[in-house]
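Here the structure is laid out as structure tokens; the discussion comes afterwards.
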Amino acid sequence: MSSIKLLAGTAKAYYYMSKSAITITVKLFAAYQEAFKVSELVLEFPNSMPVKAVCDRLIAEHPELSQWRDITRFGINLIFVEPDTLLQDGDEVVLIPPVSGG
């Protein structure tokens, strides 16, 4: 925060501040969709956040989802990824809990 104050009023301050957050789209399925009652969310996160932070944030809003934390798979832009994969601005994220059915 202090570095932003030092740069305030300059083009560098605008560039720094505009790069401090990213926006992602989260596609919800199964239990996540049932909890939020929507199929998609648009969320902001700080730069350099892992995809597992999306799951953590959703669970913070709906603690009943915590049972799915350790068994949810993650996808970014149609590719399955590891939980520590860093998010990029504009990413489309999917959280895929186990599902059953026929």
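Numbers below:
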read-out	value
Per-residue Cβ neighbour rank within 10 angstrom, fewest leading, F29, F80	F80, F29
Rough spin-label spacing in nm, given labels placed 7 Å along Cα→Cβ, for Q33 and E64	1.7 nm
Pair S48, R73: separation of 7 Å Cα→Cβ label points (nm)	3.0 nm
Stretchable slack from D89 to S20, in nm (0.36 nm times residue separation minus alpha-carbon distance)	23.8 nm
Square roots of five times the Cα gyration tensor eigenvalues for the range 46-102, Å	19, 15, 9
Extension gain (nm, one decimal) between D56 and F80, 0.36 nm per residue minus Cα-Cα	6.9 nm
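Read-outs: derived from the displayed coordinates by stated rules, not from any lab. Everything quoted here is computed from the prediction, not taken from an experiment. Glycine gets a Cβ as well: all are built from the backbone with ideal geometry, and neighbour counts include every protein chain shown.
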